[in-house]
1. How far, in nm, would the chain grow between R102 and E176 when pulled straight, counting 0.36 nm per residue and subtracting the alpha carbon separation?
2. Which order do you get for D99, D206 if you rank them by accessible area with a 1.4 Å probe, largest at the top?
3. If a/c stays under 1.5 just call it rounded; otherwise compare a/b with b/c (prolate if a/b is bigger, oblate if not). Do that for region 153-224, with a ≥ b ≥ c from the square roots of the Cα gyration tensor eigenvalues.
4. Check I234: other-chain or 5+ apart residues with amide H under 5 Å from its amide H, H built from backbone geometry?
5. Ignoring ligands and nucleic acids, what accessible area does V79 show with a 1.4 Å probe (Å², nearest 10)?
6. If you rank R136, R179, R46 by how much accessible surface each has, with a 1.4 Å probe, what is the order from largest down?
7. Hey, what do the phi angles of region 36-46 turn into as Karplus ³J(HN,Hα) couplings, whole Hz, using 6.51/-1.76/1.60 and θ = phi - 60°, x for Gly and Pro?
8. Provide the solvent-accessible area of S264, counting protein heavy atoms only and rolling a 1.4 Å probe, rounded to the nearest 10 Å².
Amino acid sequence: MISGNVAKRIDSDRLESSEHRHDPGHVGQILKKLAAELELLPGQLRAAARFVLANPKDVALKTMREQAGLAGVSHSTMVRFAEWLGFGGYTELKAVFADWLRQNADNGSEQVSFSSELTSADVENAADWLRWEVARLGAQPNIERNLLAAELLAGARRVISVGIGPQLAVANHFTEVLRSLGHTAFVFDAAQQSVTHGLKDIGPRDAILAISMEPFTKQTLAVARYARRRGAQIVAIVDCLQSPIEQYAQAIIVTAQSESRFQSMAPIIASVEILAALVEQSTISSQPKEYDVARSLPSEPRRSRSVPST
């Protein structure tokens, strides 16, 4: 069942002319729309959108049923997805992507051949996916989430960044950035440190930045549980809203859920750098502007100092 808001977007999309929808250049607009509105879609349509974002070439080359299988949805969902974008059916959507792929080939784009048969289009697709996922961090509803998270972190006495494995490197990076801005911050390695020992003095004036990606780690979850019990504020960076750490966090920032076999760090790094920029701005805004106030006051005329008579 498609919600009323989604239905309105379908109607607005269908206002586009048929000629414009079949323009190969329209693929870029389609992908930007998907990146911006991904989190607003119902679950099955979101899965279809994720597949198209990550695999635009497969939309052109594979059958609809093959794509549905790879996306983990039914073929009827793929049809509804095409209709949501304003097409009469999935065949029309597939034709636009096929024209886009054909146009790229006709433009004489040099293809670099490897034993794995990779082409320059594969490089472009990977770069585009990263660009769209990073751009999506600045779209609704992540805007409100980032603002709330930055407010919590900026007002904390200390910020403890928690990670494990490759996520620990991002936690280290965020900590170094905060220190360079004059904040008290340190890193907690959830895999190596004891929660009760390393965070024994944590309290309500402290904040935790927990980076928790699939597969969810028990150690990071244990840190969040303990810190919340001690009254600390929790900000979590996750790759899906179903993360169990959500129950302990006051602010949740959702990054990309990778479609590849490895976890991309780019959206996570982008998330912490957006947070760092907002924390810096929040800190600057909260500083007293004594100098500006003093300059704005009217100056009194100087009085000549009288010499006392003898």
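The values are calculated or read from the model by the stated rules, or taken from the named source; none is laboratory data. Predicted model only: the values in this text are computed from it and were never measured. All Cβ positions, glycine included, derive from the backbone under ideal geometry; neighbour counts span all protein chains shown. Please note that ligands, DNA and RNA were not included when accessible areas were found on the heavy atoms of the full protein model with its side chains. Shrake-Rupley method; radii C 1.70, N 1.55, O 1.52, S 1.80 Å.
1. The R102-E176 span can extend by a further 22.0 nm.
2. Greatest to least solvent exposure: D99, D206.
3. oblate
4. I208, Q250, A251
5. 50 Å²
6. Details: R136 15, R179 115, R46 60 Å².
Sorted by accessible area, descending: R179, R46, R136.
7. Per-residue couplings from phi come out as 6, 10, 4, 6, 8, 7, x, x, 5, 5, 5 Hz.
8. 20 Å²
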